[in-house]
Each structure stands twice: as C-alpha cells, then as structure tokens.
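Okay, so here's the structure we're looking at.
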Amino acid sequence: MNIDKIQIAALAGGVGGARMLDGFAALGMGDRLTAIVNTADDFSLWGLPISPDIDTVMYTLAGLANVHQGWGIAGDTRVTLDAIARYGEDPWFLLGDQDFATHILRGHRLAQGLSLSEVTAQLVISLGVQTRILPMTNDLVHTHIRTEDGWMDFQSYFVGRRHADHALEVRFDGIEDAESAPGVSEALIGADLILFCPSNPIVSVDPILSVAGVRKTISASTARKVCVSPIIGGQAVKGPAADMLHQAGYEVSALGVARWYGELVDVMVIDEKDAALADDIRALGHEVIVLQTLMGDRDDRARLATEILAAL
Ligand code: GDP
C-alpha cells in the first residue's frame, strides 16, 4: 500500500470517529480522506436542523471541538440557550452560542434549497477543514430506540434520558427510502482503505451501512477494510455501545465487535488491553493489529493513525 497516495473512506459517528479522523488528518492526509458520517441522529429543535455527528466531526477536524464536553465548541458561551429557557422552554439539549450559528445557517441554506451535503461542504470549507465530510444521505433517517418504556427517538433516549435505559431494539425510520449522498459511492469505490472508525457499531455505523448500496459497495470493494474497535477492555470509552452490543446478543469486547461486522471487515485494530482476544478474532478470519487505541490529544491521534498505516 503506497501511503503517499492512499485514499481513505471512513465511516464515522461522533466523538470516537472524529478523533480517529483527526489522527489521519493530522498526518497531512486530509485531502485524501473522506468521512462518511452518520445522520440518523439528526433532529430538529426550535426549527433548527441539528446534525450532531457531522458537527462533532467538523468541529474536531477544525480544531474547535470542546474535548472535555465531547460536544460543541471549546470556550463557547450559552447566552442564547439561557434566553430560550427564560421563555419557558426546557433546555434539555445543550447548545452553545457558536453552535446556534451553525444550526441557524444550516437551516437557512437548507430552506434556500441546498442539500445537507452542499451545506456541509460549505461549512467545512469555511472552517478550513481539508477532509471531505459527507452526510451518509441527504434523506431524513431517524433512529428510534425501544426501551422498557416503549419506543423513543434517539435524542430523547441519548440526551434526554442520558442513555440510562437498556436499548432493547433499534430501528432507523426512513432508511428503506434513503439514497446515499453524492460522493459516498465514489469515495467507497475509489478507496484503498475503508476505515470503520471506533464509533458505536449499532447506532452510528450501522445506519451508514444500511443506506442503499453502501454495504454492497463495501463488500465488493478490494480496499483493505479496517475496523478500530470502540470497545476496550470490555467497555465503551463513552456512550451506550456496550449495552447495545449486549442487548443485540454480542459479547461486549473487541471479539464481539469483530463478530458484529463479520466478513465486511478484514482487519481488526484492537487495544493492547485486549491482546488476549487476538487469536479468537483471527479464528474468525480477520487479521489483527494490537495497538494502544485510546486516543488523547491530536498528537496521540496522529500516533495511532501512523501505527495503523505502518502495521498495514
Ligand atoms: P457518539 O456519536 O459521540 O456516541 O460517537 P461515536 O459513534 O463515535 O461513538 C462513540 C464510540 O467511540 C464509543 O463506543 C467509544 O467507546 C468509542 N471511542 C471514543 N473515543 C475512543 C478512543 O479514543 N478510542 C477508541 N478505541 N474508541 C473510542
């Protein structure tokens, strides 16, 4: 694999995906990197269209992300949200003032007739990000989670109830009619490396794979298909991935992740803590790379990206 020319297509959700993408971008590969990002968590709040995963990826690659919070922009203020709360609205979904700017402009440009991929491209360019960030689809897809209290939309479960419920079942409303956004198929077909970012396999990567043609294109591709496990030492670094894997009947481990993706993935990148699982994962037919996969600052993300490329 010629590292200087390698084209990467990466499937990503929010935080874990954004960190991994940032590692490759930090190596100066941004212009050969296409992020295909989950939009099934997108929703509308006070008339504003919010794309949490796209924004997390975009802010992270722009060096703006609030790393402590895991969402939003570092140093942002919350004057607007407080003013909205003064009118009696429940500020259950936290948004910073600069975040509002993103959502206001997105809403304005969508209302002018641009697609989500066109608007995203404009925002990304304005922030000086070189990586192409593509929504998985321009069509509306909405994740719903079944808990013991019944079905609820993803953000009510994830933010509203802090993903405290067991996710008994997951469905992606609208997915049957969703077409992949412009550039998605081309990026997958042209890729030398298809990267399954360390994102939630069930609610971040699966919606992308479920968009018409995506799974088939990846299956047919001769690219190296590499998954960085989001599960380290039997736990998710953040979020509900562990419970979701368990509820779906998979072991909560890098081995469970390997089983979840099955033949779609050739290479599993697992953490040093999980080195003991390597043989079992190899027995499934995967190659295994063992690295320190918990990412810290940008240098550390770049370190992991470098080590992955070297191992490949
Ligand atoms: P979300 O939309 O913000 O939940 O973000 P993702 O879909 O990207 O999912 C978060 C997933 O990323 C979780 O399952 C975490 O375990 C995983 N994750 C976050 N940070 C890291 C990291 O530094 N290393 C690895 N290996 N996984 C991570």
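The values are calculated or read from the model by the stated rules, or taken from the named source; none is laboratory data. All of these numbers come straight from a predicted model, not from anything done at the bench. Cβ sites come from the backbone with ideal geometry, for glycine too, and all protein chains shown count toward neighbours.
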- Task: Go through segment 210-249 and count every residue that is in a loop (DSSP other than H, G, I, E, B) and within 13 Å of the ligand (Cβ to nearest atom).
- Result: 8
- Note on the structure: Among (1) among the basic types (Lys, Arg); (2) at pLDDT 95 or above; (3) under 30 Å from Lys225 (Cα atoms); (4) away from the ligand (no atom under 13 Å from the Cβ), Arg86 falls short only on (3)
- Query: Quick one: is Ser199 polar (S, T, N, Q), buried (at least 24 other Cβ atoms within 10 Å of the Cβ) and under 25 Å from Asp165 (Cβ atoms)?
  - Reply: yes
- Message: Can you confirm whether Asp31 is buried (at least 24 other Cβ atoms within 10 Å of the Cβ) and either within 16 Å of the ligand (Cβ to nearest atom) or more than 15 Å from the chain's Cα centre (by Cα) (or both)?
- Response: no
- Note on the structure: Those residues of segment 76-108 which are among the hydroxyl-bearing types (Ser, Thr, Tyr) and either in contact (Cβ under 8 Å) with a residue 40 or more places away in the chain or in contact with an Asp or Glu (Cβ under 9 Å, 6 or more places away or on another chain) (or both) amount to Thr77, Thr80, Thr102
- Query: Do we find that Ala236 is aliphatic (A, V, I, L, M), buried (at least 18 other Cβ atoms within 10 Å of the Cβ), in contact with a Pro (Cβ under 7 Å, 6 or more places away or on another chain) and under 30 Å from Thr147 (Cα atoms) in this structure?
  - Reply: yes
- Of the listed residues (Asp97, Asp139, Asp76, Asp149), the one being more than 26 Å from Lys238 (Cβ to Cβ), at pLDDT 95 or above, surrounded by fewer than 23 Cβ atoms within 10 Å (Cβ to Cβ) and not small (Gly, Ala, Ser) is Asp139
- Task: Scan Phe158, Phe172 and give me the residue that is hydrophobic (A, V, I, L, M, F, W, C) and at pLDDT below 95.
- Result: Phe158
- Of the residues that make up segment 52-61, is at least one in a loop (DSSP other than H, G, I, E, B) and either under 29 Å from Gln130 (Cβ atoms) or out of contact with any Ser or Thr (no Cβ under 9 Å at 6 or more places or on another chain) (or both)? no
- Query: How many residues does segment 170-182 hold that are surrounded by fewer than 18 Cβ atoms within 10 Å (Cβ to Cβ) and in contact (Cβ under 8 Å) with a residue 40 or more places away in the chain?
  - Reply: 2
- When you look at Asp31, is it within 26 Å of Ser180 (Cα to Cα), of a type outside the set (Ser, Thr, Tyr), in a helix (DSSP H, G or I) and touching a residue at least 40 places away in the same chain (Cβ under 8 Å), yes or no? yes
- If you take the residues in segment 136-152 that are assigned to a strand (DSSP E or B) and out of contact with any helix residue (DSSP H, G or I) (no Cβ under 9 Å at 6 or more places or on another chain), which one is nearest to Val170 (Cα to Cα)? Arg146
- Message: Looking at Val257 and the list (1) under 30 Å from His144 (Cβ atoms); (2) in contact with an Asp or Glu (Cβ under 7 Å, 6 or more places away or on another chain); (3) surrounded by 20 or more Cβ atoms within 10 Å (Cβ to Cβ), which single condition is not satisfied?
- Response: (2)
- Task: Filter segment 273-312 for residues that are assigned to a helix (DSSP H, G or I), charged (D, E, K, R) and under 19 Å from Glu263 (Cα atoms) and give the result.
- Result: Asp279, Asp280, Arg282
- Among residues belonging to segment 290-304 that are more than 12 Å from the ligand (Cβ to nearest atom) and of a type in the set (A, V, I, L, M, F, W, C), point out the one that is farthest from Ala26 (Cα to Cα). Val290
- Query: Of the residues in segment 77-116, how many are closer than 30 Å to Gly183 by Cβ and in a loop (DSSP other than H, G, I, E, B)?
  - Reply: 7
- Message: Could you go through segment 171-191 and let me know if any residue there is within 13 Å of the ligand (Cβ to nearest atom) and closer than 27 Å to Asp22 by Cβ.
- Response: no
